[in-house]
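Okay, structure first, notes after.
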Amino acid sequence: MSDEDGGRILINLGRVATRIQDGRAMSALLSVTVLGEFGALLVTFGIALHALNATGQASIFSLVLISGASALIVLSPVAGPLVDRFNRGRLFWLINGIRLFVSVALYLYVQTALNPMAAVYITTFILACSEAFMNPLIASLIPSMLPKDRVVRMNAILLGCRQTAAIAAPAAGGLLYSLGNIRAVLICASFILFVALILQLLLLRVPEGASRNRQMPTLSGILKDFKASVSYLLVRIPHVSLAVNGFLSHFLIFPFMLLAVPFMYLKFFSGTEVELGTVQSVYAIGGIAATPLAVLFEKVSRSKNLLLGIVGLLLPAGLYLLALNSNVSAWLSNNAGARMAGFAVAGLLVYFFLSYYVTFFLSFFQTDVEANMVGRLQSLLVVNHGFGRIFGFGLYGLAIDLDFRLAFAMFFAGALLKIAAHIPFLRTYRE
């Protein structure tokens with residue numbers, strides 16, 4: 001065997017070892033992220049059901065969700081710089097540790113039954129704080145742990161898994177809540193979060209932050225970073241177009257799915273907690289189905305892929321509009337099978353097209369932005385999305401208390417506005 005052949009063998013072995021290492025890194029990151037998210041969402045859904053049953057008004061229920069969105073706005077300017085400058089592994093461990101502590105503490109608190117609604121607001125706020133750090137952390141971890149050509153694939157897989165956790169959690173939460181109230185939900189969530197912490201300690205090796213500045217950033221420094229990210233965004237038309245689109249998603253789309261659908265299903269369409277959990281679990285099929293499709297079409301132009309995800313929302317929006325018909329509304333209220341099937345199919349389509357869109361939305365920012373700006377820009381987007389959710393939750397809460405049918409019209413309007421907001425991106429990228 002010649003030296004040249006030996007060199008080729010070593011190169012091939014090196015490539016195989018790199019792929020194995022990348023595969024292990026992906027598996028570990030997926031496992032810890034999804035388990036942590038599932039546990040946190042289980043707690044969130046449990047306290048949402050608790051608040052919904054305790055208040056009975058959409059506007060009051062919306063305040064619980066607004067408390068979480070407020071935390072995202074307050075902490076996101078801090079989260080990005082911290083993620084970019086500090087040990088990511090310790091931040092990752094701290095986030096899941098806080099989630100576990102909150103779940104256990106809430107379980108102990110509800111035993112006293114002193115003021116459960118106060119605990120609901122505080123828990124929602126703290127869990128949202130952890131999410132404010134988790135979003136830029138994951139966004140910066142993926143390009144730092146994997147080659148650039150695997151970023152889109154990892155985003156698609158991770159998004160599908162996180163979407164599955166986001167929908168499976170309500171299904172499990174609804175079942176657990178019907179069996180043992182919020183206490184059963186918190187016991188299960190605490191166990192899952194504990195497992196996530198153990199797996200993180202044993203399996204996940206996280207790269208440190210890129211910056212050599214290991215000291216706590218000052219307020220002026222944070223404001224400077226935030227101003228820089230705003231300036232960076234505003235001079236780029238495609239980025240502005242996507243940011244506006246993201247705002248609309250969190251203003252008119254997500255509040256509809258997170259507030260309007262659960263509230264209307266239980267209060268106006270005579271559904272049960274178990275039915276609602278089952279319906280929302282079906283949404284996972286949409287998130288899962290979008291994952292292989294996004295990987296399959298990752299070579300197609302980004303503008304076309306993004307447009308497909310946006311235009312596709314008109315399909316479920318049209319299905320929801322059918323509920324405006326009084327005969328259809330009465331039929332859904334009196335027929336459990338039709339009620340579950342109708343809401344399940346419409347929600348599945350919403351999460352399918354949203355998951356497909358978000359995959360390329362995230363990949364665009366991760367591959368078209370300088371590495372040292374990823375965390376900062378992600379934090380800016382979280383603030384943008386947070387304001388969208390605050391306004392959206394408040395608007396939907398008031399609209400439902402006036403006439404629940406307004407919510408369906410608002411969702412359809414949101415789908416149309418997202419198409420209009422994408423036009424500047426299409427004009428820039430004529431691929």
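If I take R0 = 41 Å and measure r between the Cβ atoms of Ile237 and Arg90 in this structure, what FRET efficiency does the formula 1/(1 + (r/R0)^6) give, to the nearest 0.05?
Rounded to the nearest 0.05, the efficiency is 0.60.
Based on other C-beta atoms within 10 Å, arrange Ser249, Ser281, Ser231 from fewest to most.
Listing Ser249, Ser281, Ser231 from fewest to most nearby Cβ atoms yields Ser231, Ser281, Ser249.
Using only Cα atoms, locate the centre of region 313-332 and the centre of region 225-239, then give the distance between them in Å, rounded to an integer.
Answer, in whole Å: 40.
Distance in nm between label sites at Ala330 and Lys299, each 7 Å beyond Cα in the beta-carbon direction?
With each label placed 7 Å out from Cα toward Cβ, I get 5.6 nm.
What are the trypsin sites (Lys or Arg not before Pro) within region 271-305 that DSSP puts in a loop, where the Cβ has at most 10 other Cβ atoms within 10 Å?
Passing both the DSSP loop test and the Cβ count: Lys299.
Where a number appears in this text, it was derived from the coordinates with a stated rule and is not lab data. Predicted model only: the values in this text are computed from it and were never measured. Cβ: placed from backbone, ideal geometry, glycine included. Neighbour counts: every protein chain shown.
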